[in-house]
Each structure stands twice: as C-alpha cells, then as structure tokens.
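Q: Below is the structure I would like to discuss, written out as structure tokens.
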Amino acid sequence: MCVIETDSYAEVWEETIIQKSRKDHKCSCCGTTIKSASSYLYHFDVFEGNASTEKMCMDCLSDRWKFTAEHGGYVPCPSSFTMMLQDCIADGDEESEKIWEPMLRKIDDRIRSSR
C-alpha cells in the first residue's frame with residue numbers, strides 16, 4: 001500500500017448521497033453524465049478559504065470507497081481521485097497491478113466514453 005501524506009486539510013468537508021437527481025450533472029472524477037433521476041455524491045468543501053462543489057457518479061464513488069478503505073480512511077475529493085490513484089501506482093508492485101491499475105483503467109474508459 002502506498003503512503004499518502006498531507007499537511008493541509010479542508011476547513012469544511014460535507015458529502016451527501018443524493019438519491020434522485022433533478023437534472024443531469026457531470027461527474028467531477030470521470031466526466032460522464034449523471035442522468036436525471038440517478039443517484040450521485042454531492043461534495044462541498046472549503047479549502048484555504050475557497051468553497052467548491054463537485055459531483056461524483058456512483059461508479060467512481062464505489063472505486064473511491066475501495067481506495068479509501070485500503071488507505072487508512074484517507075478520502076480524496078472527487079476531482080483529485082484519479083490523480084491520487086495514479087500517484088499510488090508503483091511499477092512492479094503486486095497490489096498496484098492487481099487492484100489500482102485495473103481501477104484506473106476502468107475510470108479512464110469512462111473518461112474516454114464521456115468525450
């Protein structure tokens with residue numbers, strides 16, 4: 001398992017799973033369209049005084065839950081999840097080859113299909 005170190009944290013961090021979207025949204029992680037009437041994660045944070053909101057599709061959220069469980073509870077925001085996943089992958093590492101590389105390929109496939 002890779003080690004994730006951070007020296008800064010959000011002043012505010014709130015996440016809610018919206019059960020039924022009222023309109024289409026774009027996933028901040030993979031860029032796919034979250035269709036109206038679909039479930040998604042709504043993320044709000046304030047970091048260094050700047051507020052931001054993001055949305056995450058349920059496929060990316062499922063991957064992020066797996067990543068978080070294996071990394072001591074560290075939860076990346078939706079838009080930085082793929083970057084964290086890339087940073088975690090090490091050449092020749094068995095865990096990377098079995099878990100993280102396939103997960104990143106699935107997300108990359110969703111990104112390509114959303115274009």
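Q: What number of residues within region 76-102 are within 11 Å of the chain's Cα centre (by Cα) and in contact (Cβ under 8 Å) with a residue 12 or more places away in the chain?
A: 8
Q: Continuing with this model, one more query. Of the conditions (1) in contact (Cβ under 8 Å) with a residue 12 or more places away in the chain; (2) open to solvent by 70 Å² or more (accessible area, probe 1.4 Å), ILE111 clears all except one; give me its number.
A: ILE111 satisfies every listed condition except (2).
Q: Also, I was wondering about something else. Restricting the search to region 49-67, which residues are open to solvent by less than 20 Å² (accessible area, probe 1.4 Å) and of a type outside the set (A, V, I, L, M, F, W, C)?
A: Passing the criteria: ASP63, ARG64.
Q: Scan region 80-100 residue by residue and report those that are open to solvent by 60 Å² or more (accessible area, probe 1.4 Å), under 20 Å from CYS57 (Cβ atoms) and not aliphatic (A, V, I, L, M).
A: Listed by number, the list holds a single entry, GLN86.
Q: Follow-up question, since we're still on this one. Restricting to region 33-48, count the residues that are of a type outside the set (Asp, Glu) and buried (at least 16 other Cβ atoms within 10 Å of the Cβ).
A: So the count comes out to 5.
Q: With PHE47, PHE81 as the choices, which residue is within 15 Å of CYS2 (Cβ to Cβ) and not polar (S, T, N, Q)?
A: Details: PHE47 fails: within 15 Å of CYS2 (Cβ to Cβ).
When all the criteria are applied, what remains is PHE81.
Q: Turning to a different aspect of this structure: Please pick out the residue among ASP108, ASP59 that is in contact with a Cys (Cβ under 8 Å, 6 or more places away or on another chain) and at pLDDT 90 or above.
A: Testing whether each residue is in contact with a Cys (Cβ under 8 Å, 6 or more places away or on another chain) and at pLDDT 90 or above leaves just ASP59.
Q: Out of region 68-115, which residues are of a type in the set (Ser, Thr, Tyr) and not in a helix (DSSP H, G or I)?
A: Residue satisfying the conditions is TYR74 alone.
Q: Quick check on my filter: what residues within region 34-51 are assigned to a loop (DSSP other than H, G, I, E, B) and within 17 Å of LYS23 (Cβ to Cβ)?
A: Residues satisfying the conditions are LYS35, SER36, ALA37, SER38, SER39.
The values are calculated or read from the model by the stated rules, or taken from the named source; none is laboratory data. Keep in mind that this is a model prediction, so the values were computed, not measured. Please note: Cβ atoms are built from the backbone with ideal geometry, for glycine as well, and neighbour counts cover all protein chains shown. Each accessible area value is taken on the protein alone, full model and side chains, heavy atoms only, with ligands, DNA and RNA left out. Shrake-Rupley method; radii C 1.70, N 1.55, O 1.52, S 1.80 Å.
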